[in-house]
Amino acid sequence: TSCKKDEPKINVVFPDIQYEVDQHIQKYKYMAVVYIDSAACTYCSFSALTMWKHLTKNLAENDTGVLFIIRHSDEQLVINSLKTHQLTIPFIFDKGGAFKKNNKNFYLTKGNVFVMDKNKTIIMAESPIANGKAWERFVKIIRIENKKNYAQKEMESEL
């Protein structure tokens, strides 16, 4: 679901991987973050992620990038799976599960996907590509966020 006006803003914490995340966020206004935990079926997770490869163009048209954060005990298996599925989407390893431990203040939805802005504030707590309705909500949220950003820049320029 999307974050509503009266809900408190939730910022994401990226311990130990802050620099790498910042490098990816710079390229886009928004970032879809896909968290993969080794508790899930590795084959199933990576097979489902092939759809991300096909939808990154649609997301990029909405100034949204994709970043995988992966917690897995066998990093080489992950790298081989990404190569097998020809996924060139950026990924970062969550060594020791620090990301998950430091972000208990929000619930990772089924699929463990959320969309955040450059300030690392969650603007949508679900996968924008889960289904047609989720995509419509995503586009609506991006439009609203862009309008807010435009209005804020207008106010700042008047000062």
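At a glance:
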| quantity | calculated |
| --- | --- |
| Cβ-Cβ FRET estimate between N146 and K100, R0 fixed at 25 Å, reported to 0.05 | 0.25 |
| Kirkwood Rh in Å, taken over region 112-156 so that all alpha-carbon pairs contribute | 11.3 |
| Cβ-placed point charges (K, R +1; D, E -1), dipole of region 47-159 about Cα centre in debye, nearest 20 | 340 |
| Calculated FRET efficiency for the pair A60/N80, C-beta based, R₀ 25 Å, to 0.05 | 0.45 |
| Solvent exposure ordering (accessible area, 1.4 Å, most first) of K29, K83 | K83, K29 |
| Positive minus negative residues near K27 (Lys, Arg vs Asp, Glu; Cβ under 13 Å) | -1 |
| Dimensions (Å) - region 67-157, Cα atoms, principal axes, largest first | 49, 30, 25 |
| Pairwise label distance in nanometres, K53 with V139, each label 7 Å out on the Cα-Cβ vector | 2.6 |
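The values are calculated or read from the model by the stated rules, or taken from the named source; none is laboratory data. Remember, predicted model here, so these are calculated numbers, not experimental data. Cβ coordinates were reconstructed from backbone atoms using ideal geometry, including for glycine residues, and neighbour counts include every protein chain displayed. Areas reflect the complete protein model, heavy atoms only, side chains present, ligands, DNA and RNA absent. Shrake-Rupley method; radii C 1.70, N 1.55, O 1.52, S 1.80 Å.
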